[in-house]
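Below is one structure, written out as structure tokens; the observations come after it.
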Amino acid sequence: MTVIEYPRNRSPRAALDKGELMDVILHIGAHRCATTTFQDYMRGNAERLRQGGTVFWGPYRTRNGLFNGIVPDRMPNLRKNRQKRGVGRVQINLDSCAARGAKRLVVSEENMLGSVRQNLRDKALYLGAGERMARYAEAFDGRVTDIMLNIRGLDLYWASALGYGLTRGRGVPDAEALDRMAYGLRTWRDVITDVSCAVPDARLWVLPFESFQGRPDAQLRSVLGCTVPPARSDVRLNATPRLPQLRRDLPRNISRKLPKGSGRWLPFTERQTAALREAYADDLMWLTSGADGTAWLVYDPDKKPVGQTPPMTNRTRGRRNDQDRRMAGAG
């Protein structure tokens, strides 16, 4: 596979007093793609990462007033210039971080992209992603160098999002809602295009959940290109409850609508699931072919590529071989 060097566009305003540059890396989710596990890993290794020049801002900081006012909400605006205050707050913290000698800043906040609740209401993926990311790019004053985006198979993403909604008071979706999710025209390709257009000077790294779930260290290493602390393999946070727990925790009028079984709740029909999987396969094909220059698909850094001699996977003789070799019986 040919390796393409992603362009490194940096704003001159990110220069430090010593003439150095600080990378600003935004990890924007998506939701239900092991983002909580990634944030827990970053918090647990914050001191070790800081020693190597990497500073971490997570939800404990971003949701404690840092991002207030950057994106307008439905709350009454009691203060004048609320957005300007939010932008100034972020830039003051950026300058302080750079002045302390940080080489890179990793900001992990999936709500920059949108919210699961809004996706469920819209029956579509992050309709406002472009506008939201443009506002955050303005808040970071053009200093964003990299964006990390996790994507996931659409059938499992929506199943996880719907399970999340069940635990927070939303009911079981009807057939019309499931059809809108399954056959909607908006896929990860549209989200990626919106983010790329909103922050055109940043490198957009797309990390599939199927390759990086439970491996936050591999995600970070793939983007930073340096050694990072190892992650525990048994950490899996904020996972969607399985059917037994959902039936136990939900009200009777909702739990009785769930199917029997002990596995994952999969609300889609076979036809709907096939449509979602086909759409995701198209997205991955588009990413593999270069994504029109908008993004870079990150491959598993620990997976060794196939050499000139492909591995032989069919090493055992099975039933079919025995049948082919069986001689005809006597008449």
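Can you compute the modelled spin-label distance between E138 and C97, with each label point 7 Å from Cα toward Cβ, in nm?
It is 2.0 nm.
What is the mean projected area of the alpha carbon convex hull for the range 22-94, to one decimal in square nanometres?
Mean orientational projected area (the range 22-94, Cα hull): 6.0 nm².
What number in nm² do you get for the range 160-282 if you take the convex hull of its Cα atoms and divide its surface by four?
Computing the convex hull of the Cα atoms and averaging its projections yields 10.2 nm².
Ordered by residue, what ³J(HN,Hα) values in Hz, to whole numbers, does the range 182-195 give under the Karplus form 6.51 cos²θ - 1.76 cosθ + 1.60, where θ = phi - 60° and Gly and Pro are x?
With the stated coefficients, the range 182-195 comes to 6, 10, x, 7, 8, 10, 4, 4, 5, 5, 4, 5, 4, 5 Hz.
Based on alpha-carbon atoms only, what is the radius of gyration of the range 23-297 relative to the globular estimate 2.2 N^0.38 Å?
Against the empirical 2.2 N^0.38 Å value, I get 1.03 for the range 23-297.
Place a point 7 Å from the Cα of S255 along the Cα-to-Cβ direction; which residues of the range 157-195 have their backbone N under 19 Å from it?
Once the point is set 7 Å along Cα→Cβ of S255, 163-173 turn out to lie under 19 Å by backbone N, inside the range 157-195.
Could you give me the ³J(HN,Hα) list for the range 242-254, computed from phi with Karplus coefficients 6.51, -1.76, 1.60 and θ = phi - 60°, whole Hz, x at Gly and Pro?
The phi angles translate into 7, 4, x, 5, 4, 5, 6, 8, 8, x, 4, 5, 9 Hz.
What number comes out for the charge environment of R256, summing +1 per Lys or Arg and -1 per Asp or Glu over other residues with Cβ under 15 Å away?
Neighbour charge sum, excluding R256 itself: +4.
Per residue, how much space in cubic angstrom lies within the convex hull of the C-alpha atoms of the range 141-224?
Considering the Cα atoms of the range 141-224, their hull volume per residue is 132 Å³.
Would you kindly state how much longer the chain becomes between D282 and R168 on full extension, computed as 0.36 nm times their sequence separation minus their alpha carbon distance, in nm to one decimal?
37.8 nm
Explain nothing, just the number: dipole magnitude of the range 23-297 about its Cα centre with +1 on each Lys and Arg Cβ and -1 on each Asp and Glu Cβ, in debye rounded to the nearest 20.
So the dipole magnitude of the range 23-297 works out to roughly 1300 debye.
Suppose accessible area is computed on protein heavy atoms with a 1.4 Å probe; arrange Y183, Y164 from highest to lowest.
Y183, Y164
So if we plug the beta-carbon distance of R180 and L237 into 1/(1 + (r/R0)^6) with R0 = 45 Å, what FRET efficiency do we get, rounded to 0.05?
0.90
The values are calculated or read from the model by the stated rules, or taken from the named source; none is laboratory data. Note that the coordinates shown come from a computational prediction; the quantities given were computed from them, not determined experimentally. Using ideal geometry, Cβ is built from the backbone for each residue, glycine included, and neighbour counts are taken over all protein chains shown. Ligands, DNA and RNA are stripped out before the accessible areas are found, and what is left, the full protein with its side chains, is counted by its heavy atoms. Shrake-Rupley method; radii C 1.70, N 1.55, O 1.52, S 1.80 Å.
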